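J.: Pasting a structure below so you can have a look.
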Amino acid sequence: MSLLYLLHRHSVDTIVVHCNYQLRGKSSDLDQSLVEEICVLWGLECVSVRLDPDESKGENFQDWARNERYRIFQSIQQENGADYILTAHHQDDQIETIFQKIVRGAGVSSWKGMSLLEGNLMRPLLEVSRSEIISFVQKFNIPYRIDGSNEESTYARNFIRNQWFPELNRLFPGWKSNMLLLPERAEEYKLMCDSILTQIEDKKDCLNRKRFLELDERLKSVIMHRFLQKSGDSIEPSRGFLSNLEGLNELQTGKGLQIAESVYLMRERDCFIIHWESPSSKPAFVIEESDLEKRCSFFGFYWAVDEDFTSVDSSVIQLEYRKLLFPLTVREWKAGDQLQPLGMKGRQNVADLLTNYKVSASSKKKAKVVESFDGIVYAVIFPDRIKNGQFGVISEKVRCNEETKRTLTIAII
C-alpha cells in the first residue's frame with residue numbers, strides 16, 4: 001500500500017495486480033476489497049485474480065503461489081506493454097533472504113540477496129526498513145491490512161522472523177546492520193573469483209583443462225561454480241558435482257560429468273565446455289513439514305507420517321522422522337549424488353548403488369533421491385520394484401531403530 005501510494009502520488013502510469021489465494025477466508029476477501037476500493041478512489045486500473053489453493057496439491061504451497069503470481073504478473077506486463085513489474089520487498093525481507101541462505105549452507109556468492117533491479121523486476125523499497133514503512137503509512141494515513149498468516153511460524157521464513165529475530169535483537173543489537181554488509185562481501189568474493197577465472201579461461205564457456213587442474217584443491221569448486229554462473233544461463237550445479245571434481249582428472253576427451261538437470265561439463269582435448277541436453281519432463285518437488293499433515297503424493301508414491309512404528313516393512317520405505325531436516329526435496333538423481341548406505345560409515349555414489357541393486361540402464365535415469373534442505377541424500381527411490389520387492393534404499397542417517405516411534409513412510413501408489 002505504501003508503494004501504491006507513492007506511485008499514485010507521483011502520477012506513475014500503473015496497473016495494480018492483486019492475487020487472492022483464499023487461504024484466510026473473509027480476511028483474504030477484505031484484503032482484495034481494500035485494494036480494489038483504493039484503486040477506484042485513486043483512478044487506477046486494478047486486476048484481481050482469485051487462485052484455487054487446491055491446485056497446489058502435490059507441490060510446496062509457497063513455491064506454487066510464488067510461481068503463479070509471477071506468471072500472472074509477467075502475462076499482464078506483456079499484455080499491456082508495461083516497462084517493469086514492481087514489488088514492495090523491503091530491507092527486512094532482504095535480511096531474511098540473506099539469513100535463510102546462510103543457514104541453508106549457501107556459499108558466499110549467494111549472500112548478495114535480492115537486487116533493486118533484476119531484468120524487468122524492480123524493488124523500489126528494498127533499502128527501506130519495515131519500521132520506516134509502518135511510520136510512513138501512519139503519517140500519511142495510508143490504509144493497509146496485515147496478513148495474519150505472517151505471524152504464524154509454519155513456514156521457514158516466518159519461523160526465522162518470529163522466533164529467531166527477536167532473540168537476535170536482544171542478544172546482538174545492531175546485527176541487522178552487519179547482515180546488510182554481507183552483499184558487499186559477496187561482491188568482493190565475486191571479484192576475486194573473476195580475477196582467477198580470467199587467468200584460466202581460454203574463452204567464454206571454455207575452461208583451460210591444464211590450468212584448472214593445477215588450481216589448489218580448495219579453489220576448484222569455487223572457481224567452477226563461478227565459471228558456471230558466468231555462462232549466462234543461470235546454471236546451479238548440484239552439491240554432489242562440486243564435491244566430486246576429482247573426476248575431471250580422469251575424464252576422457254568427448255566424455256562429460258552431469259552438472260545439473262540437462263547440463264553437462266564435457267571435455268574437449270585441452271578444455272572443459274558446457275553442454276546442454278533437452279530438459280527432463282520431471283520437475284523437483286519440495287516437501288515442507290506442513291505438507292505431511294495429511295497423506296500426499298509425489299512422483300507416483302504416497303508420502304505419509306506413521307505415528308505407530310513397530311518394525312521395518314520391506315514393502316515400503318521408512319525414514320526415522322525425528323532425524324529429518326525439512327524442507328525435503330524429491331528430484332531425479334544427478335551425477336555426483338552420494339548416500340551413506342545402511343551399516344556403513346562412508347558414502348557411495350548413487351550411480352554405483354543403482355548398478356549394485358541391478359537397476360537396468362534404461363530405468364536408472366528415472367530413479368529419484370530424497371534430499372534434506374542442506375543437501376544430504378536420505379533415500380534413493382527406484383522406478384520399479386527389484387527382485388526382492390524393494391523399490392528403494394535409505395541412508396544410515398535416517399535408519400529406524402528400537403527407539404523409533406514416528407516415520408516418514410513412502411509407498412507405491
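The values are calculated or read from the model by the stated rules, or taken from the named source; none is laboratory data. Bear in mind the structure is a predicted one, so any value in this text is a computation, not a measurement. For neighbour counting, all protein chains shown are included, and Cβ atoms are generated from backbone atoms with ideal geometry for every residue, glycine included.
J.: Somewhere in the range 355-369, is a residue under 26 Å from the mean Cα position of the chain (by Cα), of a type in the set (A, V, I, L, M, F, W, C) and either within 25 Å of ARG322 (Cβ to Cβ) or outside the structural domain of ARG322 (by TED's automatic domain parsing) (or both)?
T.: Yes, the range 355-369 contains at least one residue that is under 26 Å from the mean Cα position of the chain (by Cα), of a type in the set (A, V, I, L, M, F, W, C) and either within 25 Å of ARG322 (Cβ to Cβ) or outside the structural domain of ARG322 (by TED's automatic domain parsing) (or both).
J.: Right, something else. Say whether the condition of being at pLDDT 90 or above, outside the structural domain of ILE259 (by TED's automatic domain parsing), surrounded by fewer than 18 Cβ atoms within 10 Å (Cβ to Cβ) and not in a strand (DSSP E or B) is met by at least one residue in the range 323-338.
T.: The answer is yes, given that some residue of the range 323-338 is at pLDDT 90 or above, outside the structural domain of ILE259 (by TED's automatic domain parsing), surrounded by fewer than 18 Cβ atoms within 10 Å (Cβ to Cβ) and not in a strand (DSSP E or B).
J.: Go through (1) in a strand (DSSP E or B); (2) at pLDDT below 85; (3) more than 21 Å from ASN67 (Cβ to Cβ) for SER297 and report which single condition fails.
T.: (3) is the only condition that SER297 fails.
J.: Would you mind listing the strands (runs of 3 or more DSSP E) fully within the range 342-403 where at least 3 residues are closer than 18 Å to SER311 by Cα?
T.: Counting at least 3 such residues, we get 392-394.
J.: Restrict the check to the range 47-64 and report whether at least one residue is in contact with a strand residue (DSSP E or B) (Cβ under 6 Å, 6 or more places away or on another chain) and of a type in the set (S, T, N, Q).
T.: Yes: the range 47-64 contains one or more residues that are in contact with a strand residue (DSSP E or B) (Cβ under 6 Å, 6 or more places away or on another chain) and of a type in the set (S, T, N, Q).
J.: Considering only residues of the range 305-320 that are among the aliphatic types (A, V, I, L, M) and not in a strand (DSSP E or B), which is nearest to the chain's Cα centre (by Cα)?
T.: VAL316
J.: On the basis of being closer than 24 Å to ARG9 by Cα and charged (D, E, K, R), does LYS101 make the cut?
T.: Against the criterion (closer than 24 Å to ARG9 by Cα and charged (D, E, K, R)), LYS101 does not qualify.
J.: Examine the range 243-255 for a residue that is touching a residue at least 60 places away in the same chain (Cβ under 8 Å) and closer than 30 Å to ARG385 by Cβ, and state whether such a residue exists.
T.: Looking through the range 243-255, at least one residue is touching a residue at least 60 places away in the same chain (Cβ under 8 Å) and closer than 30 Å to ARG385 by Cβ.
J.: Has the range 78-100 got at least one residue that is more than 24 Å from ILE133 (Cβ to Cβ), surrounded by 15 or more Cβ atoms within 10 Å (Cβ to Cβ) and in contact with an Asp or Glu (Cβ under 8 Å, 6 or more places away or on another chain)?
T.: Looking through the range 78-100, none of the residues is more than 24 Å from ILE133 (Cβ to Cβ), surrounded by 15 or more Cβ atoms within 10 Å (Cβ to Cβ) and in contact with an Asp or Glu (Cβ under 8 Å, 6 or more places away or on another chain).
J.: What pairs come up if the first residue lies in the range 206-219 and is polar (S, T, N, Q), the second is assigned to a helix (DSSP H, G or I), and their beta carbons are under 8 Å apart, counting only those six or more places apart or on different chains?
T.: ASN208/ILE200
J.: Which residue is surrounded by the fewest Cβ atoms within 10 Å (Cβ to Cβ), if the candidates are limited to the range 370-396 and must be farther than 19 Å from LEU325 by Cβ and charged (D, E, K, R)?
T.: Selected residue: LYS387.
J.: Report yes if ARG399 is surrounded by fewer than 19 Cβ atoms within 10 Å (Cβ to Cβ) and within 23 Å of PRO237 (Cα to Cα), otherwise no.
T.: When the stated conditions are applied, ARG399 does not pass them.
J.: State all residues of the range 1-18 that are within 21 Å of GLN32 (Cα to Cα) and among the polar types (S, T, N, Q); if no residue qualifies, say none.
T.: Result: SER2, THR14.
J.: Within the range 167-177, can one find any residue that is surrounded by 15 or more Cβ atoms within 10 Å (Cβ to Cβ), in contact (Cβ under 8 Å) with a residue 40 or more places away in the chain, of a type outside the set (Gly, Ala, Ser) and touching an Asp or Glu at 6+ places or on another chain (Cβ under 9 Å)?
T.: Yes - at least one qualifying residue is present in the range 167-177.
J.: Now for a different question. Residue by residue through the range 101-119, note down the ones that are within 23 Å of LEU3 (Cβ to Cβ) and surrounded by 14 or more Cβ atoms within 10 Å (Cβ to Cβ).
T.: If the condition is that a residue be within 23 Å of LEU3 (Cβ to Cβ) and surrounded by 14 or more Cβ atoms within 10 Å (Cβ to Cβ), then LYS112, GLY113, MET114 are the ones that fit.
J.: Go through the residues of the range 300-321 one by one and say whether even a single one is at pLDDT below 85 and crowded, with 18+ Cβ neighbours inside 10 Å.
T.: No, the range 300-321 contains no residue that is at pLDDT below 85 and crowded, with 18+ Cβ neighbours inside 10 Å.
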